[in-house]
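Since the structure comes first, as structure tokens, the remarks are kept for the end.
The values are calculated or read from the model by the stated rules, or taken from the named source; none is laboratory data. As the structure is a computational prediction, the values presented were derived from the model and not from experiment. Note: ideal-geometry Cβ built from the backbone for every residue, glycine included; neighbour counts use all protein chains shown. We work out accessible area using only protein heavy atoms, side chains counted, and drop any ligands, DNA or RNA first. Shrake-Rupley method; radii C 1.70, N 1.55, O 1.52, S 1.80 Å.
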Amino acid sequence: MDKYLDVLPMFVDKIRELREIVISNIVLLGQIPAPTFHEKRRAEHLVERLAEFQVDACAIDDYGNPIGVIRGTSPTKPPIFVVAHLDTFSEMRDDLHYEVKDELHYEVTDKIIKGIGVSDNSAAAGVLVSLPEIIKRLNLQFTSDIVLAAPILSLARGNLEGVRKLLSHWPSPIRGAICLESVELGRLNYYSYGMIRSEISCSIAVEEHGRHRYEPNAILILNEVINAILELGLPQKPRTQIVIGRIAGGFDHGKIAYDASIGFEIRSDSDDMVKVLYADIRDIVEGINKMFKVELKLDRISNLNATRLNYNHPLIKCASRILNHLGVEIFSEPSESSLSIFLHKKIPAITLGITWGDNFHQNDAMIEIEPMYKGIAQIPALLMAMDNGVCDE
């Protein structure tokens with residue numbers, strides 16, 4: 001393991017020399033809008049860039065996922081995947097505008113990349129497409145094929161369908177995977193909660209208004225739903241949460257709201273507990289719907305299974321040593337990402353962050369450039385270790 005750690009300072013320096021290539025890939029890729037279900041243009045550009053960097057094979061698969069392959073020396077070794085989801089929370093519009101800026105009174109660093117979607121997940125996708133050139137400049141060769149994939153349909157209603165299709169139709173076993181997220185540097189995710197993400201909407205039809213003695217208010221009806229959800233008993237074990245994270249409704253301060261909605265997630269270490277609570281919430285919605293005689297709907301948006309690597313798995317230990325050697329503070333949290341799908345299929349995988357950033361999912365989202373060199377250096381070091389069996393259980 002020490003030989004992979006000893007090269008890290010050299011990796012950081014070499015990657016810093018490739019600064020313009022990496023930044024160009026982040027900017028050029030990130031400025032192409034890629035909201036979920038509309039990733040085609042960005043996927044085509046990513047494959048074009050991979051071809052320019054002379055990967056051994058690249059294509060868009062039957063499901064729309066762009067993929068590149070760096071061939072290893074052994075045709076019998078299972079491949080190692082590096083993935084970064086392609087879609088962002090940006091809207092479908094004309095090309096976005098990214099800026100590489102000087103200080104801007106930002107205290108931590110003197111250079112940033114600024115633009116919507118850069119922190120989730122355009123920077124990671126730009127790093128992914130830069131890896132062939134980085135690997136070449138570092139003079140690395142692997143026995144396993146290195147598969148570079150940027151799955152589509154990852155966010156919200158996409159429900160990670162791109163990576164689900166990619167893995168379910170991959171023709172061979174997979175040795176392991178590294179999932180990349182733009183932020184935060186130091187993240188080392190190795191587990192996912194069971195999760196159901198849903199929306200409850202209340203709609204009061206115009207023709208119904210006269211039938212009610214008291215005109216119903218969609219916001220107040222959803223308040224009844226929220227109160228009922230808050231009365232549900234949640235166990236301390238397995239760890240379980242219901243997070244109500246979004247509410248919208250109404251038109252004007254002095255007008256009764258005829259439409260409103262809330263968004264929530266059920267999260268738990270137990271898939272069974274998630275299902276039980278979802279059934280309880282469905283009963284709440286049906287009961288309140290009958291009580292107020294309005295159109296109250298429960299709509300499931302996405303779901304994940306609870307899954308994890310053991311904390312003492314060699315892959316986690318190896319990644320931890322690399323981050324420690326880089327002087328990066330490590331933190332772990334559950335991940336609602338491609339990681340969950342790899343782990344559910346019994347493929348060892350972790351999620352790593354590339355750099356630090358701010359203003360996530362906003363028009364002025366930004367990432368820092370300087371920490372990115374350490375964030376990128378962890379990837380080839382970990383690939384070397386995985387390729388040589390250090391992370392095999």
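Quick one: in the stretch 317-335, which of the residues that are among the aliphatic types (A, V, I, L, M) and farther than 18 Å from Gly389 by Cβ is farthest from the chain's Cα centre (by Cα)?
Only one residue fits best here, namely Leu326.
Applying the selection to the stretch 155-170, what residues are among the polar types (S, T, N, Q) and farther than 14 Å from Met195 by Cβ?
Selection gives Ser168 alone.
Take the conditions surrounded by fewer than 19 Cβ atoms within 10 Å (Cβ to Cβ) and under 21 Å from Leu383 (Cα atoms) and apply them to Met92. Does it pass?
Values: surrounded by fewer than 19 Cβ atoms within 10 Å (Cβ to Cβ): yes; under 21 Å from Leu383 (Cα atoms): no.
Judged against the criteria, Met92 is not a match.
Only one of Ile178, Ile174 is outside any helix (DSSP H, G or I) and within 19 Å of Asp87 (Cα to Cα). Can you tell me which?
On the way: Ile174 fails: within 19 Å of Asp87 (Cα to Cα).
Going through Ile178, Ile174 in turn, the sole match is Ile178.
In this structure, is Asn388 closer than 21 Å to Pro132 by Cβ and open to solvent by 60 Å² or more (accessible area, probe 1.4 Å)?
yes
Under 6 Å by Cβ, and 6 or more places apart or on different chains, what pairs join a residue from the stretch 278-306 that is without any contact (Cβ under 8 Å) to a residue 60 or more places away in the chain with one that is in a strand (DSSP E or B)?
Arg282/Leu298; Asn289/Leu296
Would you pick out the residues in the stretch 25-73 that are under 20 Å from the mean Cα position of the chain (by Cα) and small (Gly, Ala, Ser)?
Within the stretch 25-73, Gly30, Ala34, Ala43, Gly64, Gly68 qualify.
Only one residue in Ile221, Ile200 is touching a Phe, Trp or Tyr at 6+ places or on another chain (Cβ under 8 Å) and over 25 Å from Asn159 (Cα atoms). Which one?
Ile221
Quick check on the stretch 320-336. Is at least one of its residues in contact with a Ser or Thr (Cβ under 6 Å, 6 or more places away or on another chain), of a type in the set (S, T, N, Q), surrounded by 19 or more Cβ atoms within 10 Å (Cβ to Cβ) and in a loop (DSSP other than H, G, I, E, B)?
Yes, that holds for at least one residue.
Enumerate the pairs (first residue in the stretch 126-154 and closer than 21 Å to Gly353 by Cβ; second residue anywhere and of a type in the set (Lys, Arg) and crowded, with 21+ Cβ neighbours inside 10 Å) with beta-carbon separation below 8 Å, excluding pairs fewer than 6 apart on the same chain, so at least 6 apart or on different chains.
If the second residue must be of a type in the set (Lys, Arg) and crowded, with 21+ Cβ neighbours inside 10 Å, the pairs left are Val129/Arg49.
Within the stretch 347-385, track down each residue that is part of a helix (DSSP H, G or I) and either open to solvent by 20 Å² or more (accessible area, probe 1.4 Å) or farther than 25 Å from Lys136 by Cα (or both).
Glu370, Lys374, Met384
Does the stretch 96-113 include one or more residues that are open to solvent by less than 10 Å² (accessible area, probe 1.4 Å), under 14 Å from Pro66 (Cβ atoms) and outside any loop (DSSP other than H, G, I, E, B)?
Scanning the stretch 96-113 turns up no residue that is open to solvent by less than 10 Å² (accessible area, probe 1.4 Å), under 14 Å from Pro66 (Cβ atoms) and outside any loop (DSSP other than H, G, I, E, B).
Are any residues in the stretch 154-171 open to solvent by 50 Å² or more (accessible area, probe 1.4 Å) and either of a type outside the set (Asp, Glu) or in contact with a Pro (Cβ under 7 Å, 6 or more places away or on another chain) (or both), and if so, which ones?
Residues satisfying the conditions are Arg157, Arg164, Lys165, Ser168, His169, Trp170, Pro171.
Condition (residue is open to solvent by 40 Å² or more (accessible area, probe 1.4 Å), of a type in the set (Lys, Arg) and modelled with pLDDT under 95) applied to the stretch 203-222: is it met by at least one residue?
Yes, the conditions are met somewhere in the stretch 203-222.
Name the pairs whose Cβ atoms lie under 8 Å apart, with the first residue in the stretch 70-82 and under 21 Å from Leu352 (Cα atoms) and free of Cβ contacts under 8 Å to residues at least 40 places away in the same chain, the second assigned to a strand (DSSP E or B) and open to solvent by less than 30 Å² (accessible area, probe 1.4 Å), and 6 or more positions between them or separate chains?
Listed by first residue and then by second, the contacts come to nothing, as the list is empty.
For the stretch 59-89, how many residues are hydroxyl-bearing (Ser, Thr, Tyr), closer than 19 Å to Leu160 by Cα and open to solvent by 10 Å² or more (accessible area, probe 1.4 Å)?
Our first condition is that a residue be hydroxyl-bearing (Ser, Thr, Tyr); within the stretch 59-89, this holds for 63, 73-74, 76, 88.
From what's left, closer than 19 Å to Leu160 by Cα: 63, 88.
Remaining after also requiring open to solvent by 10 Å² or more (accessible area, probe 1.4 Å): 63.
So the answer is 1.
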